[in-house]
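Below is one structure; the comments refer to it alone.
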Amino acid sequence: MSLGENIKHFRESNNMTIKELAEKMGVQRTTIVLWEADKTAPKLGKLVAMCDVLSCDIDDLIIR
C-alpha cells in the first residue's frame, strides 16, 4: 500500500473524518486530501505527529 492509502486506512480505523484529522494535525483539509491521494507527502515531523494522533507506528504508516 502507498503512504496515502495507509494514512486513509489508519484515519478510517480510528473513525476519524478528514476534517477531524486536519484539525488535530493543524493543517487544512485539502492537505489531508493531497496526502491520501499521494499528490504530496507530509514532512517527517508531521508523520511523527500523525502516528501519535492515529495511534500507529511510523513503520506501519510508511511501509504497511
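The values are calculated or read from the model by the stated rules, or taken from the named source; none is laboratory data. Keep in mind that this is a model prediction, so the values were computed, not measured. As a convention, Cβ positions derive from the backbone with ideal geometry for all residues, glycine included, and neighbour counts pool all protein chains shown. Note: areas computed on protein heavy atoms with side chains; ligands, DNA, RNA excluded. Shrake-Rupley method; radii C 1.70, N 1.55, O 1.52, S 1.80 Å.
Observations on the structure shown:
- Residues in the stretch 58-64 carry Karplus couplings, in order, of 4, 4, 5, 5, 8, 9, 2 Hz; the curve used is 6.51 cos²θ - 1.76 cosθ + 1.60 with θ = phi - 60°, and Gly or Pro positions show x.
- Heavy-atom surface analysis with a 1.4 Å probe gives the chain a carbon and sulfur content of 51 percent of its accessible area.
- Think of a 1.4 Å ball rolled over the protein heavy atoms: the chain then has 63 Å² of accessible area per residue.
- For the chain, with +1 on Lys and Arg beta carbons and -1 on Asp and Glu, the positive-most of 58, 32, 14 along the dipole: 32
- Under a model in which nothing but the beta-carbon of Lys, Arg (+1) and Asp, Glu (-1) is charged, the chain shows a dipole of about 260 debye around its Cα centre.
- With Cα atoms defining each centre, the stretch 30-58 and the stretch 1-28 are spaced 7 Å apart in the structure.
- Projecting label points 7 angstrom from Cα along Cα→Cβ for residue 14 and residue 57 puts them 1.8 nm apart.
- Relative contact order (%) - criterion: Cα under 8 Å, at least six apart; region: the chain: 45
- Sites listed here are trypsin sites (Lys or Arg not before Pro) in the stretch 1-60 whose DSSP assignment is loop and whose Cβ has at most 15 other Cβ atoms within 10 Å: 39, 43.
- For the stretch 18-35, Karplus couplings with θ = phi - 60° (6.51, -1.76, 1.60), whole Hz, Gly/Pro x: 4, 4, 5, 5, 4, 5, 5, 8, x, 10, 6, 4, 4, 5, 5, 4, 5, 4
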